[in-house]
Amino acid sequence: MSPAPTRRSDLSRDWTKHLFILFFILIELFPLYMMFQVSFKDNATFIRQPWLPINPLSWHWENWDFAFHLILPYIANTVFVAVTGTVCSLFLAILGAYFFARHKLPFSGLLWAAFLALMLMPSVVNITPLFMLLKSLKLLNTLWALVLVGIAGGQVFSIFVLRNFIEDLPRDLFEAAEMDGASHLQQVFNVVIPMSGPIIGTLAILSFLGMWNDFLLPLIVLRDKELFTLGVGLIYLDGEYVKQWGQIMAAYFVASIPLIIVFLFTMRLFVRGLSAGAIKG
Amino acid sequence: MAAPLSRQKLLREWKLYFFIVPSLAMVLTFAYFPAGSAVYHSFFEWAGGDTKQLIGLDNFRRAFHDQVLLSSFLTVSVLMVFNLFQMIPSILLAVLIHRLKSDRWQYIYRVLLVVPMIVPGLVRLFIWKFFFDPNLGVLNGLLDFTGLKGVLVSLDHVFGWGVFYANVPIGWLSQPELILPSLFLWGFPWIGAVGVLIFLAGLQSIGQDVYEAAELDGIGPFRKFIYIELPLILTQVRLMLVLLIVGTLGGYGLQLQLLNEYGGPGGRGMVPGLWMYNRAFYAGEFGYACAIGMIIFVFILVLTFVNNRYVRIEK
């Protein structure tokens, strides 16, 4: 906690560092800048002036109109998959973690090993048989396939984190709840979930980001245009023969809007969640 | 915390097993079953239908003579070496941010770092694809603008690469020789928010007093990095490296989208994961794809074990 006067001298002492950091961050943000300013141009304007934004009065808003119509259905599908998947995944993971954390029942050691062993299994290797499994379950070309695989994929890491967290909760809380005659399910809802808000939030963001950004599984599972998630939709847009860069960039921008909104509300969780995400894998 | 239960308590608590059943069912169906199926089918010739033929180890024998697969392992090794260099900017940035005196600025920079994460990964990839475009792309525009193109052309004259010519736009993703350089270059300056935040967490344990002591002893910024900061984040650096390497070894989304299912012109960007994907979903050779998957799995497992040993010795 340095008082105001020294802060200014700090800034003047650190200016070389600030310069370096800003240099890196500006390059990192450059794609965002290009995406934004190109989204208002048609191809002719873009070829004449690729670098600088053009006068706002001659902005081509029809690019954005096109993008909204194209991307909104994809966003709706992706939101459905990511939200359903995240909520179900975390709920099951909380139950599972509660099982491991509260009592040591016969076989729980074995079950724990079975979960941990999955951490070593890279999901890429499974994609071929997973596709055949979904085919025989008649889940191909459905959004539920993505939801189910997402739920299963999130279990190991979430249970791992949540078990440690629940074990560290004060035992008195559970004992008091048991005295009052609370069942295990009631203990989960009234003790575990209220006490572990931040950690659940962090795990939720990680899980949501994972499902939001996935495109490899949707690419092989989805066939109908009405079911496309963002990833597949963008891949098809990229495959168009004649490219209207303005429209494409506007579509990219629209595709980012949901995460911008999530980010604005959960900035702190985001920053912390990403640091915690390191343990994953 | 969890203690073993007496018998009568077990009789009362057996319902707790219902808590693990849903998770277990999901994991068994969508992780263990496909994994077992992959092992099983790697011994079959299987086009994905009902008919399949047991061919023993033929798939693996074929894999060891498959030129595409062998050279794809070479390519992926090169990409894994690239990872080493691509980590450097993140480490430098974390150290720079940590050395700032003001907590407020540290937080602002942290948030700014996370901002690019709001763009879906795929969009980032496609924007880079657009940067690589020979005629409209930013990269060629920048090279022309700064005159670096001329430097590249004259270097080409000296070394006889036959890649850069004065009046021809550079086809970053269409010239076989440039595929690997493009895969290295993409995402410059390769700053991953996750990496920087982990490094920052590691640096957190250095107090201001250490820096003050170092300054009193007249230690310069470079030696401060070598003697104070780097040793402290070595664990995190190794963790990130392992994550990156395992991701690169098993990954193929980047190559599939930036190039195509054949790894671009000349197949220069072909990696094992992409070849597996290609065999399964373009050639319909599911059995062979499972075998390739098994081989990749073994490599990842070996890397993980080597790393675990290595980490333990260091501690």
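The lone criterion from (1) among the β-branched types (Val, Ile, Thr); (2) at pLDDT 85 or above; (3) touching a Leu at 6+ places or on another chain (Cβ under 9 Å); (4) under 12 Å from B:Ile191 (Cα atoms) left unmet by B:Ile97 is number (4). Residues in the range A:165-212 that are surrounded by 18 or more Cβ atoms within 10 Å (Cβ to Cβ) and hydroxyl-bearing (Ser, Thr, Tyr): A:Ser196, A:Thr202, A:Ser207.
A:Leu143 meets each of the listed conditions (1) under 30 Å from B:Leu11 (Cβ atoms); (2) more than 8 Å from chain B (Cβ to nearest Cβ); (3) in contact with a Phe, Trp or Tyr (Cβ under 7 Å, 6 or more places away or on another chain); (4) not hydroxyl-bearing (Ser, Thr, Tyr) apart from (1).
For the range B:143-164, the criterion of being of a type in the set (Lys, Arg), over 22 Å from A:Gly239 (Cα atoms) and more than 7 Å from every other protein chain (Cβ to nearest Cβ) is met by at least one residue.
Annotation: of all residues in the range B:122-141 being in contact with a helix residue (DSSP H, G or I) (Cβ under 8 Å, 6 or more places away or on another chain) and modelled with pLDDT under 85, the one that is farthest from the other protein chains (Cβ to nearest Cβ) is B:Gly137.
When the residues of the range A:244-259 are narrowed to those that are under 20 Å from the mean Cα position of the chain (by Cα) and within 20 Å of A:Asp65 (Cβ to Cβ), which ends up surrounded by the fewest Cβ atoms within 10 Å (Cβ to Cβ)? For the range A:244-259, the residue satisfying everything is A:Ile257. All of B:Asn135, B:Asn140 fail the test of being in a loop (DSSP other than H, G, I, E, B), over 25 Å from the mean Cα position of the chain (by Cα) and among the polar types (S, T, N, Q), apart from B:Asn135. Can B:Leu100 be described as under 16 Å from B:Gln236 (Cβ atoms) and at the interface with another protein chain (Cβ under 9 Å from one of its Cβ atoms)? Here the answer is no, as B:Leu100 does not meet what is asked. Scanning the range A:97-119 for residues that are at the interface with another protein chain (Cβ under 8 Å from one of its Cβ atoms), part of a helix (DSSP H, G or I) and over 22 Å from the mean Cα position of the chain (by Cα) yields A:Tyr98, A:Phe99, A:Phe100, A:Ala101, A:Arg102, A:Ser108, A:Leu111, A:Ala114, A:Phe115. Tell me, please, whether a residue that is of a type outside the set (A, V, I, L, M) and touching a Ser or Thr at 6+ places or on another chain (Cβ under 8 Å) can be found in the range B:4-22. Checked the range B:4-22: no residue is of a type outside the set (A, V, I, L, M) and touching a Ser or Thr at 6+ places or on another chain (Cβ under 8 Å).
From the list B:Ile191, B:Ile170, B:Ile179, the lone residue that is surrounded by 17 or more Cβ atoms within 10 Å (Cβ to Cβ), away from every other protein chain (no Cβ under 13 Å), touching a residue at least 24 places away in the same chain (Cβ under 8 Å) and in a loop (DSSP other than H, G, I, E, B) is B:Ile170. Restricting B:Tyr277, B:Tyr227 to residues that are in a helix (DSSP H, G or I) and either within 14 Å of chain A (Cβ to nearest Cβ) or buried (at least 17 other Cβ atoms within 10 Å of the Cβ) (or both) narrows the list to B:Tyr277. Does B:Ala94 satisfy being more than 8 Å from chain A (Cβ to nearest Cβ) and either of a type in the set (Val, Ile, Thr) or in contact (Cβ under 8 Å) with a residue 60 or more places away in the chain (or both)? It is true that B:Ala94 is more than 8 Å from chain A (Cβ to nearest Cβ) and either of a type in the set (Val, Ile, Thr) or in contact (Cβ under 8 Å) with a residue 60 or more places away in the chain (or both).
The residues listed here are A:Val262, A:Val271, A:Val192, A:Val221; of these, the one that is among the β-branched types (Val, Ile, Thr) and over 22 Å from the mean Cα position of the chain (by Cα) is A:Val192.
Only one of A:Ala278, A:Ala204 is facing another protein chain (nearest Cβ under 8 Å) and either in a helix (DSSP H, G or I) or modelled with pLDDT under 90 (or both). Can you tell me which? Result of the check over A:Ala278, A:Ala204: A:Ala278. Selection within the range A:213-243: residues that are surrounded by fewer than 18 Cβ atoms within 10 Å (Cβ to Cβ) and in a loop (DSSP other than H, G, I, E, B). The member of this set that is nearest to the other protein chains (Cβ to nearest Cβ) is A:Lys243. When we screen B:Ala25, B:Ala38 for residues that are closer than 30 Å to A:Ile151 by Cβ, assigned to a helix (DSSP H, G or I), within 10 Å of chain A (Cβ to nearest Cβ) and touching a residue at least 60 places away in the same chain (Cβ under 8 Å), the only hit is B:Ala38.
The values are calculated or read from the model by the stated rules, or taken from the named source; none is laboratory data. This is a predicted model, so every value here is computed, not measured. Cβ coordinates were reconstructed from backbone atoms using ideal geometry, including for glycine residues, and neighbour counts include every protein chain displayed.
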